[in-house]
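Please treat every number below as a calculation from the coordinates, not as lab data. This one's a predicted model, so the numbers in the text were calculated from it and none came from an experiment. Using ideal geometry, Cβ is built from the backbone for each residue, glycine included, and neighbour counts are taken over all protein chains shown.
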Amino acid sequence: MNKVTLGGRLTKDVSLNRTQNGKAVARFTLAVKKSYAKEGEPQADFIPCVVWDKQAENCAKYVGKGHYVTVEGRLQVRSFEDSAGVQRYVTEVVANSVEFVSAPKKAGNAA
C-alpha cells in the first residue's frame, strides 16, 4: 500500500501551472518537523508535493508561505533527463487531498 499523510508548513507560495491540455497542477514544498534533531542539523524534512485539478487551483488561491496544511496522498518516484542530458530522479508526494489548517504564524506571537 502506498499512502502518505503529512502535516507541515509551506516553505514558499504555491506554484500553479497548466499542462498543455489545460489541466491545473500546483507544486509546493512542505516543511515537516522532525520528532528528533541532532545539534547543527535541520529540524525539519522538506517534502515536495504535487496537487492536480481543482484542488491545485484552491491551493494556489487560499494558501501560501507559512500556512500549515495536512496532505494525504501517495509517494511517487519519477525520472527525467535534464538539459545537459543527465538522468535525474525526483521523489514527491502526489496529493489526493490538502486540508488548510492554519494561517502563517505572525512575528512576535507566542505559540
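What's the angle, to the nearest 10 degrees (0 to 90), between helix 53-62's Cα axis and the longest principal axis of the chain?
Orientation of helix 53-62: about 40 degrees from the principal axis.
Please find, in a Gaussian network model of the chain (springs between Cα atoms separated by less than 10 Å), the residue of VAL94, VAL86, VAL71 whose mean-square fluctuation is greatest.
The residue that fluctuates most here is VAL86.
Given an 8 Å cut-off on Cα distances and at least 6 residues of separation, report the relative contact order of the chain as a percent.
29
Nearest 0.05, what FRET efficiency do GLN43 and VAL94 give at R0 = 41 Å with Cβ-Cβ as r?
After rounding, the FRET efficiency stands at 0.95.
Would you mind telling me which residue in GLY66, GLY85, GLY22 has the biggest mean-square fluctuation in a Gaussian network model of the chain, where springs connect alpha carbons within a distance under 10 angstrom?
Taking springs between Cα atoms under 10 Å, the residue moving most is GLY85.
What is the count of Lys pairs in the range 4-102 whose alpha carbons sit under 23 Å apart, if the two are 8 or more places apart or on different chains?
Total qualifying Lys-Lys pairs in the range 4-102 comes to 11.
Highest GNM mean-square fluctuation, the chain, Cα pairs closer than 10 Å: which of VAL63, VAL77, VAL93?
Maximum among the listed residues: VAL77.
As an exercise, take the mean of 1/r over every pair of distinct alpha carbons in the range 4-102, invert it, and state the Kirkwood radius in angstroms.
It is 14.4 Å.
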